[in-house]
Structures are given as C-alpha cells and as structure tokens.
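To start, the structure under review is shown below, and the notes come after it.
The values are calculated or read from the model by the stated rules, or taken from the named source; none is laboratory data. The model shown is predicted, which means the values in this text are computed figures rather than measured ones. Backbone-built Cβ (ideal geometry, glycine too); neighbour counts: all protein chains shown.
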C-alpha cells in the first residue's frame, strides 16, 4: 500500500494532505512554530528553528524554513515514516512530487489570466508555470539537509544525511576566493537544473506606458522611486518621514541583506511626486510609514497592495511586469551609463559582490532596435578588386 502511495506521488497522481500548520511563536528565540495535525508542536523542527534564530537569521528566513519543513513532515506523515528514519528514498519521493504537483500559489482565479508557462508577447516574459520552480525544489533540499545536519551533531536522526550532496562541489568551493569565477561542477543527485537568465529590464517606451497608468501621485512617486533608486519593494514601503532627506535627495531604507539603515539616492522627480502626495493626503502619524492606503481608514501600504496596483495596470496594458522588474530596470540603466562606474552602481544597489552588478552589463535587443534598423537598411558592400586584374581571371577564380 505504501509503495503504491510512493508511486502515485512520484507520478503526480495524488497530493500530500494539507495537515498541520505554521503559527507565530511566543518566545523571542522561536519566531515560528510548526504544528502537527493534532495541534501539537513538532519539537525537532522547533529545535532547528531556534538554532537558526540564534544564528541571527531573519524572521522571513525562519518562516520560509518552517513551511519547507512542514511540507517535509506532511510527506513523512503520509508515508508513515518517522522523521529520524527518513532515507534518500523519501527525499526522492518529495522531489518527484514537487516536480509534478501543482503549486497552490500559482492558482489563477481569473479566466482571462495567461496560461501557465505562456510567453507575453509585449514583455517577452513567460508566465509562471503551474508547478514548483526548480529553485523552490533546490531550496527545499537545502532546508532538509540543514535540518538533518543540525540534529546529527547531537546524535539524533539518521546516521547519514538523507539529502544527497556533491562531494566534487564541496571540494571545489572549499577554498575558493570570492574574486575567482565559480567552477562548473556536477550537481548533486536530485538537484534541479536552474537556468541562468539575464536580468530583464523594462524598455523605455514600455515604462512610459506603465507610468501613465498610475492613477495618483502616491503610485507615481512609488514607481519613480523604484526605477531611480533601485530599492527593493519591501525596503521602500517601510520608510517613514524621518527616513527622507529632502535636501540631499536621499531615502534611508533597511537593507534586506545587512538589515542596516542605509542611504539610497533617488531622482528629483521622485521627490516631486512624493511632495505632491504628502500635500494632498497629509502627513503620516509619527512612527508610521509614509506610504498608506487611500480608501477607508488609512493603513500602511503592504507589498501585496502595491503588487495589486501593478496588476491592475498590467491588465489594462496586456503586460506582466513585476515590482522587481523596476529594480532590474534601474540597475540596467545605471550599469549602461558611461558616467557611472560599476563600483558606484554596486554601492547604490547594495550588492555584496561586484559579479552580481556585472550581470547588468548585457546588451539587450530591444535597446538596439534603432541600430539594428539602420543596419538592415544599409546596402551590402560591393566587392571591388584592385586595378590591373583581368575580370575574366577574377571570374574563373571566384565565380561569376
């Protein structure tokens, strides 16, 4: 019976029951708790999450790991396998199920939505596929591997980590300098191939269309801040009045990577639209974010609300731009400007490594449209031979 269930999961013919939950923790050292189907705390997971929190992992990281481990335990509960006796076979079932199972977060509620995996003709961007992305599967394997590595230090769990690892990759990366290129090595078993895609920026004429769909000064200011500062969506939505330097044309954001308060420059147009927004909607209360809702009682503007604003504009334009595309657009514009060095662009975008910034030094076909049109209109050069050669000899040698 269990073998039949394993085969059905591998082939995507059945789903893992959505039992258990992730709830907020009550202690400071345990921000999230995984509960089983009976509402009991899964103690092994709590021990691992507590260790993550003590290692200064962010709350979002702990939350992400908690959901990955809940999915893993749901599978083990379905297979009736104790977590400490899991083997590579159970990990293979998880990977097989994730490769075939539909991702509930990809569920499309509108009938007019683009089919999963289809390519938008205006943007050239594919819609998210219905299943789990290769990066999601690899992230789940990384979480489970760390989970069992943590418990193996205390003699709990299997003797061998059930998640396969690549010994070749570990040897290659053990003493690599960050300035050296990443060597190409074989992936570990069950790891998925992740395609390397160039950053996709919004062309200027498409950006103007998108900006024209913003219906108020708040949305225009936000979009202008995104494309001129390169700040991430969540970073910019959290700023308050005390984080705005009007004279220096700077905003101070809590950086996602370092979690430090860092200055980010923005364009004069962004501050102009921000001033008009604050003059019309009023100043926020002390300690409250600058960006607020405009309907009903004012509340802080969340990431999902800003995402919905962009979705409405996409529906009118027939596009599928995302908030992060604005950061890619800002990075591409800065990296392509000869007046800015790559190190300066790295400082503005707050990249940890210069290699990350260097990815934006790529030529895009949409930016070369005028050059390509001129190239296609240019007549082909005529082959001319030096004087003194007999045309009959040239024809005999090279053909007529």
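Miscellaneous remarks
- Flag for residue 373 being out of contact with any strand residue (DSSP E or B) (no Cβ under 7 Å at 6 or more places or on another chain) and either touching a residue at least 24 places away in the same chain (Cβ under 8 Å) or more than 24 Å from residue 223 (Cα to Cα) (or both): yes
- Counting only helices (runs of 4 or more DSSP H) that sit completely within segment 290-400, those holding 1 or more residues that are assigned by TED's automatic domain parsing to the domain that holds residue 266 correspond to 303-317, 323-335, 342-349, 354-358.
- Which listed residue, of 6, 99, is closer than 21 Å to residue 134 by Cβ and surrounded by 12 or more Cβ atoms within 10 Å (Cβ to Cβ): 99
- In summary, residue 244 fulfils each of the numbered conditions (1) surrounded by 17 or more Cβ atoms within 10 Å (Cβ to Cβ); (2) touching a helix residue (DSSP H, G or I) at 6+ places or on another chain (Cβ under 7 Å); (3) farther than 21 Å from residue 329 by Cβ; (4) at pLDDT 85 or above with the single exception of condition (2).
- When residues of segment 247-257 are limited to those that are surrounded by fewer than 14 Cβ atoms within 10 Å (Cβ to Cβ) and closer than 26 Å to residue 279 by Cβ, the one nearest to the chain's Cα centre (by Cα): 248
- Residue that is surrounded by the most Cβ atoms within 10 Å (Cβ to Cβ) [pool: residues in segment 39-52 that are touching a strand residue (DSSP E or B) at 6+ places or on another chain (Cβ under 8 Å) and closer than 12 Å to residue 150 by Cβ]: 49
- Residues of segment 138-163 that are part of a loop (DSSP other than H, G, I, E, B) and either under 26 Å from the mean Cα position of the chain (by Cα) or modelled with pLDDT of 95 or more (or both): 163 alone.
- Among (1) modelled with pLDDT of 90 or more; (2) exposed (fewer than 14 other Cβ atoms within 10 Å of the Cβ); (3) within 21 Å of the chain's Cα centre (by Cα) - the single one residue 260 does not satisfy: (1)
- Residue 194 in contact (Cβ under 8 Å) with a residue 12 or more places away in the chain, on the phi < 0 side of the Ramachandran plot and loosely packed, with under 15 Cβ neighbours inside 10 Å: yes
- A single entry from 56, 36 fulfils the requirement of being surrounded by 15 or more Cβ atoms within 10 Å (Cβ to Cβ) and more than 20 Å from residue 141 (Cβ to Cβ): 36.
- In this structure, residue 358 does not satisfy being closer than 24 Å to residue 235 by Cα and touching a strand residue (DSSP E or B) at 6+ places or on another chain (Cβ under 9 Å).
- Within this structure, residue 285 fails the test of being over 28 Å from residue 319 (Cα atoms) and part of a helix (DSSP H, G or I).
- Segments classed as helices (runs of 4 or more DSSP H), wholly inside segment 164-231, with at least 2 members that are modelled with pLDDT under 85: 167-173
- Single unsatisfied condition, residue 294 versus (1) free of Cβ contacts under 8 Å to residues at least 60 places away in the same chain; (2) surrounded by fewer than 17 Cβ atoms within 10 Å (Cβ to Cβ); (3) over 22 Å from the mean Cα position of the chain (by Cα): (1)
- A search for C-beta distances below 7 Å between a residue of segment 327-341 that is free of Cβ contacts under 8 Å to residues at least 60 places away in the same chain and any residue that is in a helix (DSSP H, G or I), counting only pairs 6+ apart in sequence or on different chains, returns 335/342; 335/345; 335/357; 340/334.
- Test: residue in segment 209-227 that is in the same structural domain as residue 327 (by TED's automatic domain parsing), touching a residue at least 12 places away in the same chain (Cβ under 8 Å), closer than 21 Å to residue 331 by Cα and in contact with a strand residue (DSSP E or B) (Cβ under 8 Å, 6 or more places away or on another chain): yes
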